[in-house]
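Visitor: Take a look at this one; I'll ask things after.
The values are calculated or read from the model by the stated rules, or taken from the named source; none is laboratory data. Since the model is a prediction, treat every value here as computed from it, not as a measurement. Glycine gets a Cβ as well: all are built from the backbone with ideal geometry, and neighbour counts include every protein chain shown. Keep in mind that these areas ignore ligands, DNA and RNA; they rest on the heavy atoms of the full protein, side chains included. Shrake-Rupley method; radii C 1.70, N 1.55, O 1.52, S 1.80 Å.
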Amino acid sequence: LLAVVGLAALCFTLIEGPSYGWDSPAILLTTGAGLAAVAAFVMVERRGRAPMLPGGLFSHRAFSVAVSVGLVFQFVYFGALFIFALYLQEEHGQSTALTAGVMFLPLTVCTAITPMLLTNRIAARHGLRGPMVVGAVLGIPGCLLVLLCDASSPYWLLGVAMGLQGLWSGLTLPPIASLAVTSTPPELAGTGSGVLNAA
């Protein structure tokens, strides 16, 4: 209950903050309630005999790395998807969602084919961290390229940025998920996966 209340309140804060105003009473209340619920959740979990989120889970360094990288990656990647859709329709002048969706192909195709073509090979040779490092080396320039895009930018520039971000996704997501599950004790594999998704 505390986890649900905490996550829901903080999600509400992040989503509705711009609409209500960051210093509005509703946002300040949900932020306080969310932080209090998360703090209470941590206290209850530390004292409980059968915690939903065992504290020792984060003592596994590989698991902590997977969750941290997953949090940053998903924040950037899924945030970009939202922004790209708005950019293509409102700034780049694509009149329909279908046309804008088709323009996502560099990102989606690279995301889909990279695990089959590259991720497994790099992981077999360099371990699970190998594809994550290569993905970041490709994805970060892709994110920076987006900063050069404005209403007058040619589509190919955004297409290249999307393609690089698709490579980042295809190289990073499978190893993160695998690392989160394999770096925990077998009986906590489901919990590890849930923590990664919640992050």
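Visitor: Can you name the residue in the stretch 183-196 that is polar (S, T, N, Q) and under 10 Å from His60 (Cβ atoms) and, of all such residues, is surrounded by the most Cβ atoms within 10 Å (Cβ to Cβ)?
Guide: Here the residue is Thr184.
Visitor: Checking Leu29 against (1) loosely packed, with under 14 Cβ neighbours inside 10 Å; (2) in contact (Cβ under 8 Å) with a residue 24 or more places away in the chain; (3) among the aliphatic types (A, V, I, L, M): exactly one of these is not met. Which one?
Guide: For Leu29, the failing item is (2).
Visitor: Ok, one more. Tell me the residue from Val102, Val137 that is within 16 Å of Val69 (Cα to Cα), of a type outside the set (Phe, Trp, Tyr) and either modelled with pLDDT of 90 or more or open to solvent by 60 Å² or more (accessible area, probe 1.4 Å) (or both), please.
Guide: Details: Val102 fails: within 16 Å of Val69 (Cα to Cα).
Unique residue meeting the criteria: Val137.
Visitor: Examine the stretch 69-77 for a residue that is among the polar types (S, T, N, Q) and within 30 Å of Met162 (Cβ to Cβ), and state whether such a residue exists.
Guide: Looking through the stretch 69-77, at least one residue is among the polar types (S, T, N, Q) and within 30 Å of Met162 (Cβ to Cβ).
Visitor: Related question: Given the residues Gly166, Gly170, Gly159, Gly130, which is the only one that is open to solvent by less than 60 Å² (accessible area, probe 1.4 Å), in contact with a Leu (Cβ under 6 Å, 6 or more places away or on another chain) and not β-branched (Val, Ile, Thr)? Lay out the reasoning, then the answer.
Guide: Numbers: Gly170 fails: in contact with a Leu (Cβ under 6 Å, 6 or more places away or on another chain); Gly159 fails: in contact with a Leu (Cβ under 6 Å, 6 or more places away or on another chain); Gly130 fails: in contact with a Leu (Cβ under 6 Å, 6 or more places away or on another chain).
Only one candidate qualifies: Gly166.
Visitor: Condition first: open to solvent by 30 Å² or more (accessible area, probe 1.4 Å), assigned to a helix (DSSP H, G or I), touching a residue at least 40 places away in the same chain (Cβ under 8 Å) and on the phi < 0 side of the Ramachandran plot. Can you find one or more residues in the stretch 142-154 that meet it?
Guide: Looking through the stretch 142-154, at least one residue is open to solvent by 30 Å² or more (accessible area, probe 1.4 Å), assigned to a helix (DSSP H, G or I), touching a residue at least 40 places away in the same chain (Cβ under 8 Å) and on the phi < 0 side of the Ramachandran plot.
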